[in-house]
Amino acid sequence: MTLIIDDSRPIFVQIAERIEDDIIQGRLPEETQVPSKNEFASFYQINPATAAKGVNLLVDEGILYKKRGIGMFVATGARAVLVEKRKEQFFEQYVVTMLREAEKLGISADQLSDMIRRGDAK
Amino acid sequence: MMNNVVEVKNLTKSYGKVTAVNNVTFSLEPNKIYGLLGRNGAGKTTIMHMITAQLFATSGELKVFGEAPYENERVLSQVCFIKESLKYPDNYMVKDVLELSASLFPNWDKEYANALVQDFQLPLKRRMKKLSRGMHSSVGIIVGLASRAPLTIFDEPYLGLDAVARAMFYDRLIEDYSEYPRTIVLSTHLIDEVSRMLEHIIVIDGGKILINEDADELRGAAYSVAGTANAVESFIAGKKVISREPFGGLLTAGVFERLTETDRKRLESLGLQTAAISLQQLIVQLTNKKLETKGGSRP
């Protein structure tokens, strides 16, 4: 988990991404409580309204849900949903970019898959 | 009308021929943290002095908690203004300042003030005029926090404070604000240190409002492009350019627009590099116009 806030992207998006990461990597298991907006605010030294906006983004997506008077919890099935979403982003962010760069350098599909296998063996 | 904490309409302050604040209109909503940013001499302090009734406006409307603030005890007891040059009577000790503040501010929290005195390691029985610059600033910060005034304004409150003490200020501010929300205005040039705490940003430049926007809306709202001068020039033609930095045959330009998919493809075909501009850089570039034209006019 990184503590650094990037000042060139909306902070509420970064907070939502960090909660997503924690869910995907199992640090926030399903049906456990998520830190409160004030806890996020003092941990990252950010505005609590911004933290709340990040949390609410995930509530809108059904990843988190609110238990009245207690706080926010990770929904059952949230991890699977997030992993699927991340796979789609992985394709866009890494695979497409990689293929573009490979084309520039004249790397063939065979050479590329060799490289991936070589990387996997490490 | 909504219950805004501050309502400013066409506010102007002139000194003879000099217009320090020029037809400014904005409002401050309850329980938000605002950043009032801009270069020295932009008019920030003049605006704050008018809001806190220490200066009359030349023209325009000004309401604080729905009323004119001048000699209005009902309004002023809800406002705490901490500025770098606060002066106290010569014989005042730290504890006298705290006692005076306790009598001025209805929401004063004595226990919290004492805890802050410990945190900032202030000698209660030292006279104010014998304090170091940093300690003097710490007293202001403690008064600003412990007053819990519905409108609290900090104008460059940390002269002489080192990085550790400033970090403590930010820490306590966020903590206490979370528990006791109120309207806070931070006026500072240390944008990178405070920007993540701000919900809303007002940038003043040359006495006018340059930006009045949600802070998160400004993050990722601008980008820089770099590459050969010709390629960059052709890309930025017709775009909202806020900075130009030539370097040999190369050019880096700042563009105050969101990057679209079409832009991205053009950047790639022109072989240009791009990076997001941070909030701090955005404000620096926007308020740096004079320097920019000087630099840009060089061959």
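The values are calculated or read from the model by the stated rules, or taken from the named source; none is laboratory data. Computed from a predicted model, the values in this text were never measured in an experiment. With ideal geometry, Cβ positions are generated from the backbone for all residues, glycine too; neighbour counts draw on all protein chains shown.
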*Right, B:Ile277: under 19 Å from A:Phe12 (Cα atoms) and either acidic (Asp, Glu) or buried (at least 17 other Cβ atoms within 10 Å of the Cβ) (or both) or not?*
yes
*asked:* Can you confirm whether B:Leu173 is in contact with a His (Cβ under 9 Å, 6 or more places away or on another chain) and assigned by TED's automatic domain parsing to the domain that holds B:Tyr92?
replied: no
*asked:* Step by step: first the residues of segment B:153-180, then only those that are in a loop (DSSP other than H, G, I, E, B) and out of contact with any helix residue (DSSP H, G or I) (no Cβ under 8 Å at 6 or more places or on another chain), then the one that is nearest to the other protein chains (Cβ to nearest Cβ). Which residue is that?
replied: B:Tyr180
*Which residue, of B:Ala226, B:Ala237, B:Ala221, is modelled with pLDDT under 95 and either away from every other protein chain (no Cβ under 12 Å) or crowded, with 22+ Cβ neighbours inside 10 Å (or both)?*
B:Ala237
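Name the helices (runs of 4 or more DSSP H) wholly within segment A:7-83 that hold at least 2 residues that are among the β-branched types (Val, Ile, Thr) and surrounded by fewer than 18 Cβ atoms within 10 Å (Cβ to Cβ)?
By residue number, A:11-24.
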*Tally time: how many residues in segment A:82-97 are at pLDDT below 95 and aliphatic (A, V, I, L, M)?*
2
*Options B:Glu67, B:Glu7, B:Glu61, B:Glu73; residue that is under 25 Å from B:Pro181 (Cα atoms) and either among the β-branched types (Val, Ile, Thr) or in contact (Cβ under 8 Å) with a residue 12 or more places away in the chain (or both)*: B:Glu7
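For (1) in contact with a strand residue (DSSP E or B) (Cβ under 8 Å, 6 or more places away or on another chain); (2) over 22 Å from B:Met197 (Cα atoms), each residue gets a yes or a no:
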| site | (1), (2) |
| --- | --- |
| B:Val5 | yes, no |
| B:Thr25 | yes, yes |
| B:Gly38 | yes, no |
| B:Lys44 | yes, no |
| B:Met50 | yes, yes |
| B:Lys63 | yes, yes |
| B:Glu99 | no, yes |
| B:Tyr112 | no, no |
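Within segment B:181-193, how many residues turn out to be away from every other protein chain (no Cβ under 14 Å) and polar (S, T, N, Q)?
Let us first name the residues in segment B:181-193 that are away from every other protein chain (no Cβ under 14 Å), namely B:187-189.
Subsequent filtering for residues that are polar (S, T, N, Q) retains B:187-188.
Residues flagged as away from every other protein chain (no Cβ under 14 Å) and polar (S, T, N, Q) within segment B:181-193 amount to 2.
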